[in-house]
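Engineer: Provided herewith is a single structure, encoded as structure tokens, for subsequent inquiry.
The values are calculated or read from the model by the stated rules, or taken from the named source; none is laboratory data. Keep in mind the model is a prediction, meaning the values are calculated, not measured. Cβ placement follows ideal geometry from the backbone for every residue including glycine, while neighbour counts extend to all protein chains displayed. For the accessible areas, the whole protein counts, side chains as well, though only heavy atoms, and no ligand, DNA or RNA atoms are used. Shrake-Rupley method; radii C 1.70, N 1.55, O 1.52, S 1.80 Å.
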Amino acid sequence: MKPVWRIAWKELVQVFRDRKLVFSTLVLPVLLMPVFMFGPHLFLSRLLEGTSAKVQEVAVAGLPQEALEALLEANLAPKPVEDPEKAVREGEYPVGVVYKGGRYRVFGRLAGGVSESQVAVGKAQAALQGLKERKVAEALAAKGVSLDLLHPFQVETVDASPPREKAGGLLGFLLPFFLVSFILSGGQVVAVDATAGEKEKGTLEALLAAPVPLLHLALGKTLATVAMALLSGVAGLVGLALGGVLSARLGGELLSKGGQVLALGGQIQLDGGGFWPSSSPPFSWPSSWGRSWWP
Amino acid sequence: MISHRYNGLVIQAQGLTKRYGPKTAVEGLSLKVERGEVYALLGPNGAGKTTTLRMLATLVRPTAGRAEVAGFDVRKEPLEVRRRLGLVNGGMRVYDRLTGREVLAFFASFYGLEGRAFKEALDWVVALLEMEETLEKKVLEMSTGMRQKVVIARAILHRPPVLLLDEATAGLDVFARRALLDFVKTYRDLGNTVLYSTHVMPEAEEVADRVGFLHQGRLVYEGSKEEALAVGEGSLERAFIRKVREAA
């Protein structure tokens, strides 16, 4: 089995002496993981928070006074226009509301994902829903009927997941995905360099002419590929930890008893006990590990 | 020391054939190369020289026929054959990001040359090829000639009794080419056998003891260099053309 180790050694030395390769397989995951995992969340949270607090103008047509007041209470500024739908489509207003024939129609530009329009539409809908509930309550009260008639019982859903599973949260799905991506890309670079790369560079012939069984050649190259994939996975985890620190500093929660805690949909905990055992066999474990953090 | 199972003949081939689908690269090639001689296999591009050498080096499996190198069958005992030969071809390279010493240590380990045995082998090959300056340099930083020396050193570090050279001077400058031709004669003088494949006739005229003309996968002529020169009235090129026309 000595040739297997020698071949793996050669492949790894070649990789570690290639700065571009080291950067793309080991440094990049450390840098990208925080960006991928926490950047979009932090960006969107701040965007949504800012948009919710801001007063948005609403293009309105045919709205009764009580609806206008409800919109004002919801931090929206109604502006009468002839055609609210057109005004929203052309980007003059983030949201528009039309009242006609006993029906409120709320217009927004909703196809572009999370946007100011989406937030404003949500605010307008909530204001009109509140107005509707208030009017129902007033009508029932006028007829001496209790409001409880509409709510004879409550339905409540409780998340019974164990705390560790809850800790997975959104990252329970994302973490395995990103880790597998880094593991595959890290291993792939070495695998390509060790096979097609050798052929292309003209070094394969010399290796094939050596008295080494093909199986040993394949095993040596596989060993180097797996080692690099593992290192790439570890780099991804280091990036995750780094992202955790950044997230905590940028407004997440910081340090709990179990380790470092990040707030993102749910919570994810990192400490020495969970980090290494979970990262050692990344080829087979990531999908199950993301949601079941501890053994 | 590598053991051998041959007496006079180091390379023997009988009816050696290689087909790639409907295309026949080598057909019914029979060859006998004795110990301590340089046998030049001559032919134009596509004549089947490389395929022949690759079959002898156990890199491709013959479709038919049999061949022995240093007494070992290329089909049945490929690892034993590889232990007893060195292969150099024109397009062969070694690992760019390793130093000359690392490249040689890497390949030497496959022949059991480690520790003191490797040091002795290294000293021998460095003296033979005058390549002291290549040892601590990365291959990436070497000139073409220096790289070629590392490629050759890798092939002969284990002192194989058989050396296969396939268009080994391709792409070399005049100095590197001269060094290679001198090396071929030196290696032969050490009692080894060299199968030298080329389409450059003057090179064969300089180094060969015997020559074989290969055309469209068939050996059309075989003889000593002197005999071949007589056929071509002092020119191997004329001899080659004459024999190819006769065979056609």
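Engineer: Send over a whole-number figure in Å² for the accessible area per residue of segment B:56-159, probe 1.4 Å.
Structural biologist: 39 Å²
Engineer: If r is the Cβ-Cβ distance from residue A:54 to residue A:20 and R0 is 56 Å, what FRET efficiency results, to the nearest 0.05?
Structural biologist: 0.80
Engineer: So, in nm, how far is label residue A:103 from label residue A:181 when the simple model puts each one 7 Å beyond its Cα toward the Cβ?
Structural biologist: In this crude spin-label approximation the distance works out to 4.2 nm.
Engineer: Let me ask something else about it. HN-Hα J couplings of segment A:203-216 from phi, Karplus 6.51/-1.76/1.60, θ = phi - 60°, integer Hz, Gly and Pro as x?
Structural biologist: Couplings: 9, 5, 4, 4, 5, 5, 7, 7, x, 10, x, 4, 4, 5 Hz.
Engineer: Tell me, what ³J(HN,Hα) does each residue in segment A:58-71 have, in order and in whole Hz, if you take phi through Karplus 6.51 cos²θ - 1.76 cosθ + 1.60 with θ = phi - 60° and put x for Gly and Pro?
Structural biologist: 10, 6, 10, 8, x, 7, x, 4, 5, 6, 5, 5, 4, 5
Engineer: Within the set of other residues whose C-beta is less than 9 Å from the C-beta of residue A:220, count the net charge using Lys and Arg as +1 and Asp and Glu as -1.
Structural biologist: Neighbourhood net charge equals +2.
Engineer: About its Cα centre, what dipole magnitude does segment B:155-248 give when the only charges are +1 on Lys and Arg Cβ and -1 on Asp and Glu Cβ, stated in debye to the nearest 20?
Structural biologist: Result for segment B:155-248 is approximately 160 debye, rounded to the nearest 20.
Engineer: Counting only other residues whose beta carbon sits under 11 Å from that of residue B:229, what net charge do I get with K and R as +1, D and E as -1? All intermediate terms of the calculation are to be shown ahead of the outcome.
Structural biologist: On the way: positive: B:225, B:238; negative: B:205, B:226, B:227, B:233, B:237.
Its environment carries a net charge of -3.
Engineer: Sequence-distant or interchain residues sharing an amide H contact under 5 Å with residue B:89, placed H: which?
Structural biologist: So residue B:89 has HN proximity to B:166.
Engineer: Moving on. Give the residue from A:51, A:65, A:122 lying farthest towards the positive end of the charge dipole for the protein assembly as shown; charges sit on Cβ (+1 for Lys and Arg, -1 for Asp and Glu) and the dipole is referred to the Cα centre.
Structural biologist: Farthest towards the positive pole: A:122.
Engineer: Here is a further query. Just going by the charge dipole of chain B, with Lys and Arg at +1 and Asp and Glu at -1 on Cβ, which of B:152, B:199, B:25 is farthest out on the positive end?
Structural biologist: B:25
Engineer: Summing +1 for each Lys or Arg and -1 for each Asp or Glu, what net charge is found among the other residues whose Cβ lies under 13 Å from the Cβ of residue B:50?
Structural biologist: Net charge in that neighbourhood comes out at 0.
Engineer: Sorted by accessible area (1.4 Å probe), largest first, how do A:93, B:187 line up? Provide the component values of the computation, followed by the final result.
Structural biologist: On the way: A:93 40, B:187 0 Å².
The most accessible residue leads, giving A:93, B:187.
Engineer: Can you compute the FRET efficiency between residue B:237 and residue A:5 using 1/(1 + (r/R0)^6), with r the Cβ-Cβ distance and R0 = 51 Å? Round to the nearest 0.05.
Structural biologist: 0.55
Engineer: Also: Using the charge dipole of segment B:92-248 (Lys, Arg: +1 at Cβ; Asp, Glu: -1 at Cβ; taken about the Cα centre), state which of B:208, B:190, B:247 has its Cα farthest towards the positive end.
Structural biologist: Toward the positive end, the furthest listed residue is B:247.
Engineer: Near the amide H of residue A:56, under 5 Å away, which other amide H atoms are found, from residues 5 or more places off or on another chain, if H is placed in the peptide plane?
Structural biologist: Here A:77 satisfy the definition.
Engineer: Follow-up. If I take R0 = 30 Å and measure r between the Cβ atoms of residue B:114 and residue A:195 in this structure, what FRET efficiency does the formula 1/(1 + (r/R0)^6) give, to the nearest 0.05?
Structural biologist: Efficiency, rounded to the nearest 0.05: 0.65.
Engineer: Quick one: compute a quarter of the convex hull surface over the Cα atoms of the protein assembly as shown and quote it in nm². Spell out each step's value before the answer.
Structural biologist: Numbers: hull surface 163.4 nm².
Orientation-averaged projected area of the Cα hull: 40.8 nm².
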